[in-house]
C-alpha cells in the first residue's frame, strides 16, 4: 500500500528525521541560530584557552610547560602546582618564551592599576573595559558563556527528566494516576516560581551554581509534563501501541519504546524555549544579587555591577547584548523546529 503523502512531500526512502532536517534548513534564521549556538558552545568549552592570565604553553628553565592544561589537572586532583608556580603572577615569571591567550586575563583577574572611571573604560588593554574592581569584562563574558549554557542545559535536563516521566505516566495510565499527577502539576503551577527561587536561595547561607541549576530544573517541569501528558493521551490508543499490548510487552517497555519516542518531539521543541527561560532566570537572579556567589562571574553578575555605576555603560551593554543574542538564537531554533515538525505550517 502506498505511503500517505504529507503537505510537504517526503523524498523516496527519506526518514522522518531526514525530512525534518531538510525542512529545518529552509529556515535561514534557524540555521544561522544553530551556528550561533555552536559558536557559543565552542567559546564555553575553550574559554580557558581564550581568556586566561596563564600562558597556553611556555618554556621555563629549559622545559616546556602547559599551565592551562596543568590547571585542569590540578583541579581534578591529578597533580599539584610546582612550588615555583604557587600563588604567583604568571606575567612576572621570566619565561624563555610564552604564548598567552588572546585575552590575557582570567575572569577573576583584577587590575589594581585602574583607579578612575576613565581607566576602567574600554581601551587597548581591556577591549570591553573592566568592572569596579578591575576584572576584565571580555574575560567575564567568555567565561560567563560556560555558566549560561551550563545552567540552561542542565536545568532543562532536570526539568525534562521529571516532566517527561510524570507526563508519560499520567497520560498512559489515566484515571486516578492522571488525576493525582495533574493535581501535583496544578499545585506547582500556583507557586510564583521566580519568588519561590529567590526565597530558597536567600535561605541558603552561600549559593552555588549547582543549587541554581537544581532549583530552576525542579521548578520548571510542569509545562513539560502537561505537554507530554497531552501527547501520550493522543498516541496511547493508536494501533502500534495496541499491537504491543497484544504481544504481551510489559507496561514500562511499551511506554519507553513505543509511546514516548512518538510523543516526545513537541516536548523537545519546548525544551529550546525552556533553555532560554533558564538563562534569563539565572541572569535575573544574579542581577538582583540572589544568584551565584560573588566570586563567580556570569553575564547577570556583570549586569549587577552596572547598577552601582550608571556611568559604566559597558557593564550593561556588552553582557546584555550576549544575553539578547543567546536568547534570540534559542528562540529562533525553537520556532524553526516547530515549523519543521508541524504539518499545518509546512510548505
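The values are calculated or read from the model by the stated rules, or taken from the named source; none is laboratory data. The structure displayed is predicted, hence computed values, not measured ones. Counting neighbours? That spans all protein chains shown, and the Cβs are built from the backbone with ideal geometry, glycine included.
Within the stretch 212-251, being touching a residue at least 12 places away in the same chain (Cβ under 8 Å) and farther than 18 Å from residue 264 by Cβ holds for 212, 213, 214, 215, 216, 218, 219. Taking the stretch 256-267 as the range and being in contact (Cβ under 8 Å) with a residue 60 or more places away in the chain and part of a helix (DSSP H, G or I) as the test, the residues that pass are 259, 260, 263, 265, 266, 267. Can you say whether residue 108 is under 30 Å from the mean Cα position of the chain (by Cα), in a helix (DSSP H, G or I) and closer than 30 Å to residue 210 by Cα, as far as the supplied structure shows? No.
Residues are listed down the side, and each one gets a yes or a no for (1) modelled with pLDDT under 90; (2) over 30 Å from residue 256 (Cα atoms):
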| residue | (1), (2) |
| --- | --- |
| 177 | no, no |
| 183 | no, no |
| 188 | yes, no |
| 196 | yes, yes |
| 207 | yes, yes |
| 215 | yes, no |
| 221 | no, no |
| 226 | no, no |
| 239 | yes, no |
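Within the stretch 136-159, not a single residue is over 25 Å from residue 37 (Cα atoms) and either part of a helix (DSSP H, G or I) or modelled with pLDDT of 90 or more (or both). Does residue 67 qualify as being modelled with pLDDT under 90 and within 29 Å of residue 329 (Cα to Cα)? Criteria not met by residue 67. For the stretch 59-105, the set of residues classified as farther than 25 Å from residue 130 by Cβ, under 33 Å from the mean Cα position of the chain (by Cα) and surrounded by 15 or more Cβ atoms within 10 Å (Cβ to Cβ) consists of 65, 66, 70, listed by residue number. Taking the stretch 136-156 as the range and being crowded, with 22+ Cβ neighbours inside 10 Å and touching a strand residue (DSSP E or B) at 6+ places or on another chain (Cβ under 8 Å) as the test, the residues that pass are 136, 137, 139, 142, 143. Scan the stretch 198-214 and give yes if some residue there is under 24 Å from residue 329 (Cα atoms), touching a helix residue (DSSP H, G or I) at 6+ places or on another chain (Cβ under 7 Å) and not in a helix (DSSP H, G or I), otherwise no. Checking the stretch 198-214: not a single residue is under 24 Å from residue 329 (Cα atoms), touching a helix residue (DSSP H, G or I) at 6+ places or on another chain (Cβ under 7 Å) and not in a helix (DSSP H, G or I). If you go through the stretch 172-197 and pick out every residue that is under 30 Å from residue 301 (Cα atoms) and part of a loop (DSSP other than H, G, I, E, B), you end up with 2. With respect to residue 128, is the statement that it is at negative phi, assigned to a loop (DSSP other than H, G, I, E, B) and buried (at least 18 other Cβ atoms within 10 Å of the Cβ) true? The answer is yes for residue 128. Looking for something buried (at least 18 other Cβ atoms within 10 Å of the Cβ), under 20 Å from the mean Cα position of the chain (by Cα) and touching a residue at least 60 places away in the same chain (Cβ under 8 Å) - is there at least one such residue anywhere in the stretch 19-26? Scanning the stretch 19-26, I find no residue that is buried (at least 18 other Cβ atoms within 10 Å of the Cβ), under 20 Å from the mean Cα position of the chain (by Cα) and touching a residue at least 60 places away in the same chain (Cβ under 8 Å), so the answer is no.
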